[in-house]
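Quick notes on the structure that follows.
What follows is calculated from the coordinates using simple rules that are stated; it is not laboratory data. Fair warning: this is a prediction, and the values are worked out from it, not measured in the lab. Methodologically, a virtual Cβ is constructed for each residue, glycine included, from the backbone with ideal geometry; neighbour enumeration extends over all protein chains shown.
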Amino acid sequence: AYEDSRRDLRTELLEVPLDGGDPQVLLSRADGLRIHDLALLADGTPALLASQPGDGRDSVAPDIALWLLEETGPRRLTDPERLELATPLEVDGDEALVAAPRRGRVHLLRVGRDGAVSTEVDGELEVRHAAAARQPDLRGVVAADHRVVDVAVRVDLRAAEAERVQPPRGRVAPE
């Protein structure tokens, strides 16, 4: 009973070599983060959706932010006081795709390594899942069912010839 009431929610993250060897600690409990989701950028840098539970205990509203786990330690990219984030976390090269709750809706944002934030999908919808592809012929896809959507975003969405992903009224299948 005591262990359950005093459980430390801070996460320890280990890198386990596939070819054997000892695990390496990438993030210790002393770093003070609780990981909610994890993905790897193109260069292998871990991107984390994480909060900072006080004394290892969760609060009513956790301060979830996007972090990069760099060689010098964790670096926060977003400010949870200004930007509320939620899972899923997906990476697209060196950028992250994250969900952002907004007044009963959930939008999809893109966050760069420098912390720059741009909106990928917004409107009267709720993004539940996101995926990014590195295929130039894949078009952006949104599958909607009662305003709940799954999103696949192609890498070159920002290119001049790319069409902006718009939330449809029904289901949209890949071309």
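For this structure, a couple of remarks:
- When peptides 119-125, 65-71 are sorted by average Cβ neighbour count within 10 Å, with the highest value leading, the order is 65-71, 119-125.
- Here Arg103 and Leu9 are evaluated by their C-beta separation; at R0 = 25 Å the FRET efficiency comes out at 0.35.
- Rounded to the nearest whole Hz, the Karplus-based 3J(HN,Hα) values (6.51 cos²θ - 1.76 cosθ + 1.60, θ = phi - 60°) of the stretch 117-123 follow the sequence 10, 9, 8, 9, 9, 9, x, with x at glycine and proline.
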